[in-house]
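The values are calculated or read from the model by the stated rules, or taken from the named source; none is laboratory data. Since we're looking at a predicted model, the values are computed, not measured. Cβ: placed from backbone, ideal geometry, glycine included. Neighbour counts: every protein chain shown. Just so you know, the surface numbers come from the protein's heavy atoms only, side chains and all, with ligands and any DNA or RNA stripped out. Shrake-Rupley method; radii C 1.70, N 1.55, O 1.52, S 1.80 Å.
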Amino acid sequence: MLVYKIEKINDIISGNLNGNGKSFIKYLATDSRNIISPDESLFFALTGERYNGHNFIEELYKQGVRNFVVSSIPVNYSDFKFSNFILVENTLLALHKLCSFHRSQFKIPVIGITGSNGKTIIKEWLYQMLAEDKKTVKSPKSYNSQIGVPLSVWLLDNIYEVAIFEAGISLPGEMEKLQKIIQPNIGIFTNIGNAHQENFTSLEQKTDEKLKLFYNCEILIYCKDHKIIDDKINETEILKNTKIYSWSKNQNANLEIKQIIKKSSSTEISGIYKSKKINIKIPFIDNASIENAIHVWLLLLLFDNETKLIEKRMKSLSPIAMRLELKEGINNCTIINDCYNSDIESINIALDFLKQQKQHKKYTIILSDILQSGLPNSILYRNVAKLVNKKKINRIIGIGESISANSNLFFDEKVFFNTTDEFLNKFDKSSFNNEAILLKGSRQFTFEKISVVLQKKSHRTVLEINLNALTHNLNYFRSKLKPKTKIMAMVKALSYGSGTFEIANLLQHQNVDYLGVAFVDEGINLRENGITTPILVMNPEEQAFKSMIEYDLEPEIYNFRILELFNETLNLSDKNSYPVHIKIDTGMHRLGFIKDDIPQLINYLINNQRIKIKSVFSHLAGGDEEMHDTFTKQQFDKFEEISEQIKQNFNYPIITHILNSSGIERFPEKQYEMIRLGIGLYGISSTNQDKLHNVSSLKSHILQIKQVSNSDTIGYSRKGIVTRDSIIATIPIGYADGLSRQLSNGKGKVLINGKFAPIIGNICMDMCMVDITDIEASEGDMAIFFSDDYPITKMAKQLNTIPYEILTSISSRVKRVYYHE
């Protein structure tokens with residue numbers, strides 16, 4: 001790995017160095033939570049609408065980081081002894097400059113990939129194809145942004161012979177910056193579509209912007225059948241010195257696709273290249289995979305690989321799991337499944353996700369051989385051992401001959417096996433207890449077998465929770481807040497059906513200020529699973545006050561009876577000052593003190609100084625609907641009057657908050673000191689639904705398919721009457737799983753293979769039946785009840801209810817699977 005002296009970096013980025021200038025840098029960091037080697041890391045304090053890296057300098061210093069790129073020197077600079085601060089005007093631009101310089105030090109082929117879809121898949125497949133012959137480096141996961149691209153390019157080292165980087169943009173002008181960093185010799189333009197279209201006037205404009213990646217490229221590969229791309233390539237001036245290679249299904253091209261034959265689990269593709277007939281077979285049948293594979297095929301042909309060798313390798317293309325999955329495991333364990341490939345960078349990312357699981361004090365990684373790394377095994381596994389040690393992983397279980405041969409490089413608790421089957425046959429499952437377990441394996445080691453053995457629930461109906469989407473939604477609302485406005489994230493009712501500590505872990509990692517639960521038991525569960533963020537209990541019960549104090553949970557106080565009972569319990573404890581949250585009724589008329597109570601309340605709290613007011617808050621009755629805006633304004637006025645009256649009587653700061661998710665969007669001027677983010681976090685908005693990402697998807701599978709004759713009936717009470725010879729599929733989900741019985745008899749529908757199948761007959765306790773007469777489907781195919789493609793809001797309209805009710809009704813017996821892309 002190339003090492004840069006801090007003084008050299010200062011010169012490259014045109015900074016102003018403050019410090020001793022003696023450090024040597026191997027690693028770059030932009031996230032205070034993901035530091036590998038503090039003494040060798042350079043932290044870039046990036047700033048934006050939603051974040052400011054300068055706020056984490058003190059925390060990083062405590063971790064051992066001594067080198068920083070900043071746009072302002074800390075006022076307490078003298079406290080950071082033996083540190084280097086490089087002062088620049090723009091820290092992101094400085095990161096770009098440094099990594100652009102780093103890229104210029106290498107003369108190897110660099111492949112740059114962009115497009116609306118398929119970038120990561122093509123990158124991973126190219127890596128699979130090329131790494132067998134050449135030492136290859138690639139972007140980790142989908143690192144294709146203004147931050148991800150420079151961090152990817154920094155991985156370049158002298159050992160590599162080929163590099164593959166992807167680039168994505170969401171704004172005009174971004175690609176020019178990425179081009180200077182990647183500087184690709186070879187380009188692949190996958191396709192063009194509506195992803196991230198909101199900031200572009202047209203697909204044509206977005207195509208022009210993406211083409212800027214290929215400025216000065218020697219070779220560009222694309223599909224001529226994408227007319228917009230083809231037209232723009234033919235008319236642009238920036239590609240005048242670039243050799244263009246295309247493929248097409250229906251016109252002249254360098255690679256002409258003549259036939260595509262889909263079979264049950266594979267596709268045969270035949271074409272003409274340089275006047276010769278050639279063929280490949282891939283283990284996929286979906287159109288997206290076929291298009292991605294042809295891009296890979298054409299590049300391999302340009303690399304002059306033998307057609308027989310290409311055929312062999314394309315046949316072995318592996319599926320790319322674009323996500324880390326988190327599941328409930330046996331013996332109170334948590335399983336993180338990342339079983340599609342294994343390399344140093346993806347291991348680092350997966351270990352960071354593992355360490356976020358604060359519900360356990362013990363961490364285990366089950367790791368396979370790392371294939372095609374380009375490094376000698378002794379160096380490779382020494383680096384892995386160093387990484388595992390720095391992340392403070394308690395136990396490593398190695399599977400594979402190479403990692404086993406280097407077992408001496410690992411520390412602490414360890415055990416090794418040559419094969420996955422040997423592990424499954426010999427290892428005692430009972431040794432896994434109350435720990436987080438990361439499965440990180442190359443595809444050929446079939447770690448899926450281990451996942452099946454270690455996961456707790458096997459119910460084929462699952463609720464998938466997209467943690468990336470949840471983070472996006474959090475950041476969307478953060479972007480609407482003033483810098484000092486605090487966030488309380490609501491995780492009551494199993495986080496609106498999504499889960500408990502799994503969601504709280506993520507929110508704690510994202511540094512929310514408070515968590516909100518309904519009952520004490522929910523708060524205790526979070527505390528027992530490693531959550532240290534302050535927690536407000538909205539409905540405290542008097543019999544649980546002692547436990548509340550024991551677990552540092554903060555109660556909502558809404559009347560004098562509950563206040564006096566809590567004070568009595570507090571007087572029996574050793575707490576000198578305990579935070580409470582005063583609820584004001586401004587018009588909801590549910591819980592809370594009314595205006596006439598306030599003088600007596602103030603007097604009581606002044607004379608009971610062991611109770612400290614942490615916040616004063618209220619609840620909007622109709623903040624999501626314009627028709628109630630006059631009433632909502634009255635609520636604001638009443639809240640401001642009452643909260644100010646309370647604050648004037650105490651000489652310490654008191655937080656005020658009234659806005660919920662819809663209020664944040666509709667009344668941003670009423671943020672006060674904190675907001676409460678609830679359903680918006682989980683992807684539902686009454687105002688800007690298009691700005692949020694879907695978080696939850698309810699999925700099951702077809703158990704059985706059968707032919708049913710005209711005039712037959714389906715299900716209980718013979719309610720489902722067949723009006724034609726039909727094909728009926730049975731799916732293992734019913735009202736005991738949370739599927740409302742009101743969706744019976746054609747009211748509800750299910751998405752199967754891209755088409756809607758109506759529910760026929762009454763929904764049973766554990767099953768339902770759907771009519772798939774007009775759908776090509778097989779037993780085992782997926783059935784989707786709501787997802788990105790079929791929003792839960794549509795089901796809510798069918799049931800004349802709100803998404804809250806549906807989400808919170810999903811039974812605990814439905815397996816939750818959390819994933820992080």
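For the stretch 669-700, which positions are at pLDDT 95 or above, in contact with a Lys or Arg (Cβ under 7 Å, 6 or more places away or on another chain) and open to solvent by 20 Å² or more (accessible area, probe 1.4 Å)?
Glu673
Could you list, in sequence order, all residues of the stretch 54-94 that are without any contact (Cβ under 8 Å) to a residue 24 or more places away in the chain, outside any loop (DSSP other than H, G, I, E, B) and open to solvent by less than 80 Å² (accessible area, probe 1.4 Å)?
His54, Ile57, Tyr61
Quick one: which helices (runs of 4 or more DSSP H) lie wholly within the stretch 469-555 and hold at least 1 residues that are closer than 25 Å to Leu354 by Cα and of a type in the set (Ser, Thr, Tyr)?
Values: elements: 492-496, 501-509, 520-528, 545-550.
Qualifying helices (runs of 4 or more DSSP H): 492-496.
Yes or no: Lys614 basic (Lys, Arg), closer than 23 Å to Gly678 by Cα, part of a strand (DSSP E or B) and open to solvent by 10 Å² or more (accessible area, probe 1.4 Å)?
Working: basic (Lys, Arg): yes; closer than 23 Å to Gly678 by Cα: yes; part of a strand (DSSP E or B): yes; open to solvent by 10 Å² or more (accessible area, probe 1.4 Å): yes.
Judged against the criteria, Lys614 is a match.
Among the candidates Asn10, Asn16, which residue alone is farther than 25 Å from Lys392 by Cα and surrounded by 19 or more Cβ atoms within 10 Å (Cβ to Cβ)? Even if it seems obvious, please write down each step before you answer.
Numbers: Asn16 fails: surrounded by 19 or more Cβ atoms within 10 Å (Cβ to Cβ).
Result of the check over Asn10, Asn16: Asn10.
Consider Pro579 carefully, then state whether it is touching an Asp or Glu at 6+ places or on another chain (Cβ under 7 Å) and closer than 21 Å to Phe639 by Cα.
Yes.
Test Ser442 against the stated conditions and say whether it is among the small types (Gly, Ala, Ser), surrounded by fewer than 17 Cβ atoms within 10 Å (Cβ to Cβ) and farther than 30 Å from Tyr672 by Cα.
Criteria not met by Ser442.
Check the stretch 316-324 and report whether any residue there is buried (at least 17 other Cβ atoms within 10 Å of the Cβ), in contact with a Leu (Cβ under 8 Å, 6 or more places away or on another chain) and either over 30 Å from Ile261 (Cβ atoms) or free of Cβ contacts under 8 Å to residues at least 60 places away in the same chain (or both).
no
Scan the stretch 726-761 residue by residue and report those that are among the polar types (S, T, N, Q) and either more than 24 Å from Lys797 (Cβ to Cβ) or buried (at least 20 other Cβ atoms within 10 Å of the Cβ) (or both). Please lay out each step first, then the result.
Kept after step one, since they are among the polar types (S, T, N, Q), are these residues of the stretch 726-761: 726, 730, 740, 742, 744-745, 753.
Ser726, Thr730, Ser744, listed by residue number.
Whether any residue in the stretch 416-436 is charged (D, E, K, R), more than 15 Å from Ile366 (Cβ to Cβ) and under 30 Å from the mean Cα position of the chain (by Cα) is what I want to check.
Checking the stretch 416-436: not a single residue is charged (D, E, K, R), more than 15 Å from Ile366 (Cβ to Cβ) and under 30 Å from the mean Cα position of the chain (by Cα).
Report, by residue number, each residue of the stretch 295-313 that is part of a helix (DSSP H, G or I) and either at positive phi or touching a residue at least 12 places away in the same chain (Cβ under 8 Å) (or both).
So in the stretch 295-313, the residues part of a helix (DSSP H, G or I) come out as 295-302, 307-313.
If the condition is that a residue be part of a helix (DSSP H, G or I) and either at positive phi or touching a residue at least 12 places away in the same chain (Cβ under 8 Å) (or both), then His295, Val296, Trp297, Leu298, Leu299, Leu300, Leu301, Leu302, Thr307, Ile310, Glu311, Arg313 are the ones that fit.
Whether any residue in the stretch 335-355 is surrounded by fewer than 23 Cβ atoms within 10 Å (Cβ to Cβ), in contact with a Lys or Arg (Cβ under 8 Å, 6 or more places away or on another chain) and without any contact (Cβ under 8 Å) to a residue 24 or more places away in the chain is what I want to check.
no
What is the number of the single condition among (1) part of a loop (DSSP other than H, G, I, E, B); (2) farther than 24 Å from Tyr716 by Cα that Asn762 does not meet?
Single failed check for Asn762: (2).
Applying the selection to the stretch 419-446, what residues are in contact with a Lys or Arg (Cβ under 8 Å, 6 or more places away or on another chain) and of a type in the set (A, V, I, L, M, F, W, C)?
Listed by number, the residues that qualify are Leu424, Ala436.
Looking at the stretch 388-412, I want the residues that are over 20 Å from Phe447 (Cα atoms) and have a partner that is surrounded by fewer than 14 Cβ atoms within 10 Å (Cβ to Cβ) and of a type in the set (Ser, Thr, Tyr) with Cβ atoms under 7 Å, at least 6 apart or on another chain. Which pairs are those?
Asn406/Ser378
For the stretch 130-141, check the following and say yes or no: at least one residue is farther than 24 Å from Leu324 by Cβ, surrounded by 20 or more Cβ atoms within 10 Å (Cβ to Cβ) and not charged (D, E, K, R).
Step one: filter the stretch 130-141 for residues farther than 24 Å from Leu324 by Cβ, giving 130, 132-135.
The next check asks that each one be surrounded by 20 or more Cβ atoms within 10 Å (Cβ to Cβ); those that pass are 130.
Those still in the list that are not charged (D, E, K, R) too: 130.
Among the residues of the stretch 130-141, at least one is farther than 24 Å from Leu324 by Cβ, surrounded by 20 or more Cβ atoms within 10 Å (Cβ to Cβ) and not charged (D, E, K, R), which makes the answer yes.
Here is a list of conditions, (1) open to solvent by 20 Å² or more (accessible area, probe 1.4 Å); (2) under 30 Å from Asn608 (Cα atoms); (3) in a loop (DSSP other than H, G, I, E, B), and Glu644 meets all of them except one; can you say which number that is?
(3)
Looking at the stretch 118-151, which of its residues are free of Cβ contacts under 8 Å to residues at least 24 places away in the same chain and in a helix (DSSP H, G or I)?
Gly148
Of everything in the stretch 257-281, what is exposed (fewer than 10 other Cβ atoms within 10 Å of the Cβ), of a type outside the set (S, T, N, Q) and under 37 Å from the mean Cα position of the chain (by Cα)? Give them in sequence order.
Lys263
Which of (1) open to solvent by 50 Å² or more (accessible area, probe 1.4 Å); (2) within 21 Å of Gln146 (Cα to Cα) does Thr30 not meet, given it meets every other one?
(1)
Can you tell me which residues in the stretch 413-439 are of a type in the set (A, V, I, L, M), in contact (Cβ under 8 Å) with a residue 24 or more places away in the chain and open to solvent by 40 Å² or more (accessible area, probe 1.4 Å)?
Let us first name the residues in the stretch 413-439 that are of a type in the set (A, V, I, L, M), namely 415, 424, 436-439.
Filter again for in contact (Cβ under 8 Å) with a residue 24 or more places away in the chain, leaving 424, 436-439.
The answer is Leu424, and nothing else.
Scan the stretch 580-606 residue by residue and report those that are surrounded by fewer than 16 Cβ atoms within 10 Å (Cβ to Cβ), more than 17 Å from Asn539 (Cβ to Cβ) and not β-branched (Val, Ile, Thr). It would help to see each step written out before you state the result.
Let us first name the residues in the stretch 580-606 that are surrounded by fewer than 16 Cβ atoms within 10 Å (Cβ to Cβ), namely 588-590, 594-596, 599-600, 603-604, 606.
Still in the list and also more than 17 Å from Asn539 (Cβ to Cβ): 594-596, 599-600, 603-604, 606.
Lys595, Asp596, Pro599, Gln600, Asn603, Tyr604, listed by residue number.
Quick check on this structure: which one of Lys361, Lys414, Lys392 is assigned to a strand (DSSP E or B) and among the charged types (D, E, K, R)? Before you say what the answer is, go through the steps one by one.
Numbers: Lys361 fails: assigned to a strand (DSSP E or B); Lys392 fails: assigned to a strand (DSSP E or B).
From the options Lys361, Lys414, Lys392, the qualifying one is Lys414.
Starting from residues that are assigned to a helix (DSSP H, G or I) and touching a strand residue (DSSP E or B) at 6+ places or on another chain (Cβ under 9 Å), keep the ones in the stretch 325-353 and report whichever is modelled with the highest pLDDT.
Initial filter on the stretch 325-353 (assigned to a helix (DSSP H, G or I)): 330-332, 344-353.
Filter again for touching a strand residue (DSSP E or B) at 6+ places or on another chain (Cβ under 9 Å), leaving 330, 345-347, 349-351, 353.
Values: Ile330: 90, Glu345: 75, Ser346: 79, Ile347: 86, Ile349: 80, Ala350: 86, Leu351: 87, Phe353: 84.
Among those residues, the one meeting the criterion is Ile330.
How many residues does the stretch 562-592 hold that are part of a loop (DSSP other than H, G, I, E, B) and more than 21 Å from Ile658 (Cβ to Cβ)?
6
Taking the stretch 314-324, which residues are outside any helix (DSSP H, G or I), modelled with pLDDT of 85 or more and not hydroxyl-bearing (Ser, Thr, Tyr)?
Taking the stretch 314-324 as the starting set, the residues that turn out to be outside any helix (DSSP H, G or I) are 316-324.
Imposing the further condition that a residue be modelled with pLDDT of 85 or more reduces the set to 316-317.
Listed by number, the list holds a single entry, Leu317.
Look through Glu805, Glu776 and report the one residue that is assigned to a helix (DSSP H, G or I) and surrounded by fewer than 17 Cβ atoms within 10 Å (Cβ to Cβ).
Glu805
Based on what the data block shows, is Leu239 open to solvent by less than 50 Å² (accessible area, probe 1.4 Å), modelled with pLDDT under 95, touching a Cys at 6+ places or on another chain (Cβ under 9 Å) and not acidic (Asp, Glu)?
Yes; evaluated as a whole, the condition is true for this residue.
Against the definition (on the phi > 0 side of the Ramachandran plot and small (Gly, Ala, Ser)), how does Ser717 come out, yes or no?
When the stated conditions are applied, Ser717 passes them.
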